[in-house]
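Data block below; observations after.
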Amino acid sequence: MGYISDIRKKIGHDPVFMPASGCSIVKDHKILLQKRSDNGRWAMHGGALDLGETFEEALIREVKEELDIQILNPKLINVYSGEDVHLVYPNQDEVYGISAFFLVTDYIGEIKIDHTEVAEVKWFDIDDLPNEIHKPDQKALKDIIDYYKKEYLCFKE
């Protein structure tokens, strides 16, 4: 978060716009979520864009940093903004996200988490998610699961 960290040095905890990318990795009717180290909530994978990055480039970089895997063919589901992606971090930094969320159904590599950002990862059945979902991910997660069920499961069940 170099750019956001630099801005924070100048403005403190005041609200800022934060462009970000996130994804759900879904395989065999299961979704991989990560427990965030900062607030202990389950979340999708991703993070803030660096200057000059596209949403997809940031997503690929962030997932590589967090999970040490290379995602393949991320499918853009939607872009979210407003109160749905508003967040006040535990340190009182406030952001209004402009967040592109993707569905990922394939990747290369073995998952190895970066414990500085991710406390743990776990596969959940898409119909049995944990209650403690990171607020900015809630609407996007529902939309991604709905899309996955419609596009990938409609002919399998």
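Here, each number is a calculation from the coordinates, and none is a lab measurement. Predicted model, so just to flag it, every value in this text is computed and none were measured. With ideal geometry, Cβ positions are generated from the backbone for all residues, glycine too; neighbour counts draw on all protein chains shown.
When you filter the trypsin sites (Lys or Arg not before Pro) in region 12-117 for DSSP loop state and at most 12 other Cβ atoms inside 10 Å of their Cβ, you are left with Lys112. Remark on region 1-54: ratio of C-alpha radius of gyration to 2.2 N^0.38 Å is 1.42. Electrostatic tally near Pro130: other residues with Cβ closer than 15 Å to its Cβ, Lys and Arg +1, Asp and Glu -1, net +1.
Against the chain, whose longest principal axis comes from its Cα atoms, helix 138-148 is set at around 30 degrees.
Mean silhouette area of region 2-153, derived from the convex hull of its C-alpha atoms and averaged over all directions, reads 8.5 nm². When DSSP beta bridges are restricted to pairs lying wholly in the chain, around 70% turn out antiparallel.
Which angle from 0 to 90°, rounded to the nearest 10, does the C-alpha axis of helix 55-67 make with the longest principal axis of the chain? It works out to around 80 degrees. Comparing Cα centroids, region 74-122 and region 7-29 end up 7 angstrom apart. Neighbours of Asp14 by Cβ distance under 10 Å: Lys/Arg scored +1, Asp/Glu scored -1, total 0.
Neighbour counts of C-beta atoms inside 10 Å place Thr116, Thr105 in the sequence Thr116, Thr105, starting with the fewest.
The H on the amide N of Ala20, modeled in the peptide plane, is under 5 Å from the matching H of Leu49, Ile98, Ser99, Ala100, each at least 5 residues off or on a different chain.
Excluding same-chain neighbours fewer than eight residues apart, the aspartates and glutamates reachable from Lys64 by a Cα-Cα span under 18 Å are Asp50, Glu53, Glu56, Asp106, Glu110, Asp114, Glu117, Glu120. Extension gain for Glu110-Thr54 works out to 17.6 nm (0.36 nm per residue, less the C-alpha to C-alpha distance). Backbone phi angles across region 18-29, fed through the Karplus curve with coefficients 6.51, -1.76 and 1.60 (θ = phi - 60°), yield HN-Hα couplings of 9, x, 8, 10, x, 8, 10, 9, 10, 8, 6, 6 Hz in residue order; Gly and Pro are listed as x. Among the GluC sites (Glu not before Pro) within region 30-115, which fall in a DSSP loop and have no more than 11 other Cβ atoms within 10 Å of their own Cβ? Sites meeting the loop and neighbour criteria: Glu110.
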